[in-house]
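Written below as structure tokens is the structure these notes are about.
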Amino acid sequence: MKLIIAILIIQLSPLFASSLELHGTGERFHGFNAMEIGLGDSYFFSDRKNKFSGTSVASLWRSDLTRLSFSSNFYSNIDGYNNKDINVSFFSFSFPVSKNKALLIGLAPYTRSNIKLIEESGDIIGQSISDFIDSALNSRSEYRFYGGISNLYTAFSSKINRNISFGLKFNGLFGNQLKTNKIIISTLSPSFSSLNEQSNFEYIDQDSTSQIILNQFSGFSIQCDLNSTLNDHSFGMSFTMMGPITINLKKYYDLYEISDPYDRYFLQDYSFLQLTSGDDLLTYDPDFSDNIKDDINFKSFPSHMFSRINDISFGYQYNLNDRGIIFELHYEDLFENFSLNQQDISILNNKQPKSNSYHLGLYKRYENSRSSFFNSINLRIGGYYRNYSFVENDGTDMALTVGLGVSLNDYSHLVDFGVKFGRIAAPNFEQQNYVKGSLSINIGEKWFTRSRR
């Protein structure tokens, strides 16, 4: 396998960057909420007194308030190449619709990639291969991938009875992903820094060609959650079924900053078009396009949905008044969509890896009954181990997590901070040590307050 060096590009729009971005449609995102991160990247349960969680669908009904929630995430490599980023990762809006029922609307990334690959050495084309080659040539490639799939979701949460809660979530999956490949042909010119040193070669660029692939995604998935409580014990289960995903694929070749060939020749400027988003291609006609459909459609989905389970999770919580423990088991990306497995859809045609993960969280809550403004402080610690099943080999992601939460103004406003220190090991890449964190703010107001009597 050719040696490649991953250079991660830092911008405002993408989130975390890692070697996991080179598979499927990019890295799958977890732990948007700071409370989840602090409790070992868990999902189902809360350490708050009323057991409300802003992301666990089955627990949304536990709040009487209309809530606006958003998170700002940060990322940094601990060693290796320099890569840092800070941005807003998600937001949601929830409100009660009747007694013990609530609705939620939100937006979050589903998969993302923002990475550049440079082929270090390339291929050598010998002079003896053709009579038309005057000297040895080198061919090397540069790749750039950015964008991915976003999730615009709506959710319904309801209390079934005293011990059981239910949640249903519809995920609208959409987004654009750009993939560029620039092939550079160079002649090799020998150079000698001194008479005693071995010969080195300088690359003199002679020609290049560029390919741009724009993939536009449209699809959906449906998630079902069920939580139950028995005394101090809580149990959770969640599964997600993938609907059909349609992809509009477009290919462009050799798009230049100066579109007129005579102007390019006169100015001797053959720079390729620099892209920042898919909007930069609106004025160009693709050289090739295709509308790739899945093997089912919306109408046939109900009869196939239980054979298209993509994610399934189980959780357990032991809560003893102001402290407790959480353990969860997650399986993700179990199903392979027909459309996503077609040529030129996945990054470098690498399939999205399946994963299974184990999550552990511990917490301690300190109540402040003397004040109506500062109500409680929550201390959290945890960790997780995630195993990825790639085609060639397995990879791992493990981390230690810590967190802090504060409840204010009669528990209406929630501020949480969570951070994880982890290590990713993926095939063909060096281990990556990182720190990721999140600051989440959840504001509650009595706009649609319901009465509980």
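The values are calculated or read from the model by the stated rules, or taken from the named source; none is laboratory data. These numbers were taken from a predicted model, which means no experiment stands behind them. Heads up, the Cβs are rebuilt from the backbone with ideal geometry, glycines too, and the neighbour counts pull from every protein chain shown.
What's the number of the condition Leu68 fails, among (1) assigned to a strand (DSSP E or B); (2) of a type in the set (A, V, I, L, M, F, W, C); (3) at pLDDT below 80?
The one condition Leu68 does not meet is (3).
Kindly establish whether Ser46 is buried (at least 24 other Cβ atoms within 10 Å of the Cβ) and under 19 Å from the mean Cα position of the chain (by Cα). Even if it seems obvious, please write down each step before you answer.
Working: buried (at least 24 other Cβ atoms within 10 Å of the Cβ): yes; under 19 Å from the mean Cα position of the chain (by Cα): no.
It is false that Ser46 is buried (at least 24 other Cβ atoms within 10 Å of the Cβ) and under 19 Å from the mean Cα position of the chain (by Cα).
Kindly indicate whether any position in segment 364-379 is surrounded by fewer than 20 Cβ atoms within 10 Å (Cβ to Cβ) and within 18 Å of the chain's Cα centre (by Cα).
no
For every residue, the table says whether it meets (1) aliphatic (A, V, I, L, M); (2) crowded, with 18+ Cβ neighbours inside 10 Å; (3) touching a strand residue (DSSP E or B) at 6+ places or on another chain (Cβ under 8 Å); (4) at pLDDT below 90.
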| residue | (1), (2), (3), (4) |
| --- | --- |
| Leu362 | yes, no, yes, no |
| Thr396 | no, no, yes, no |
| Phe417 | no, yes, yes, no |
| Gly422 | no, yes, yes, no |
| Gln431 | no, no, yes, yes |
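From the list Ser369, Ser376, pick out the single residue that is among the small types (Gly, Ala, Ser), farther than 19 Å from Gly315 by Cα and not in a strand (DSSP E or B). Talk me through it step by step, then tell me what you get.
On the way: Ser376 fails: not in a strand (DSSP E or B).
That would be Ser369, the only listed residue that is among the small types (Gly, Ala, Ser), farther than 19 Å from Gly315 by Cα and not in a strand (DSSP E or B).
Would you tally the residues in segment 233-263 being over 30 Å from Asn297 (Cα atoms), surrounded by 15 or more Cβ atoms within 10 Å (Cβ to Cβ) and in contact with a strand residue (DSSP E or B) (Cβ under 7 Å, 6 or more places away or on another chain)?
Residues meeting the conditions: 5.
Would segment 289-309 turn up any residue that is surrounded by 13 or more Cβ atoms within 10 Å (Cβ to Cβ) and in contact with a His (Cβ under 6 Å, 6 or more places away or on another chain)?
The answer is yes, given that some residue of segment 289-309 is surrounded by 13 or more Cβ atoms within 10 Å (Cβ to Cβ) and in contact with a His (Cβ under 6 Å, 6 or more places away or on another chain).
Does Ile204 count as at pLDDT below 90, surrounded by fewer than 15 Cβ atoms within 10 Å (Cβ to Cβ) and assigned to a strand (DSSP E or B)? Spell out how you get there, then give the answer.
Details: at pLDDT below 90: yes; surrounded by fewer than 15 Cβ atoms within 10 Å (Cβ to Cβ): yes; assigned to a strand (DSSP E or B): yes.
Here the answer is yes, as Ile204 does meet what is asked.
If I go through segment 367-394 residue by residue, how many of them are closer than 23 Å to Ile443 by Cβ, of a type outside the set (A, V, I, L, M) and in contact with a strand residue (DSSP E or B) (Cβ under 7 Å, 6 or more places away or on another chain)?
Residues flagged as closer than 23 Å to Ile443 by Cβ, of a type outside the set (A, V, I, L, M) and in contact with a strand residue (DSSP E or B) (Cβ under 7 Å, 6 or more places away or on another chain) within segment 367-394 amount to 8.
Evaluate segment 33-44: report whether one residue or more is farther than 25 Å from Asn442 by Cβ, at pLDDT 85 or above and of a type in the set (D, E, K, R).
no
Looking at segment 307-323, can you tell me whether even one residue there is within 20 Å of Arg365 (Cα to Cα), of a type outside the set (S, T, N, Q) and touching a Gly at 6+ places or on another chain (Cβ under 8 Å)?
yes
Does at least one position in segment 71-87 carry a residue that is touching a helix residue (DSSP H, G or I) at 6+ places or on another chain (Cβ under 7 Å) and at pLDDT 85 or above?
The answer is yes; a qualifying residue exists.
Could you check segment 402-421 and list, in sequence order, the residues that are of a type in the set (Gly, Ala, Ser) and more than 21 Å from Ile325 (Cβ to Cβ)?
Ser412
Residue check: is Asn138 modelled with pLDDT of 70 or more and farther than 27 Å from Thr240 by Cβ?
yes
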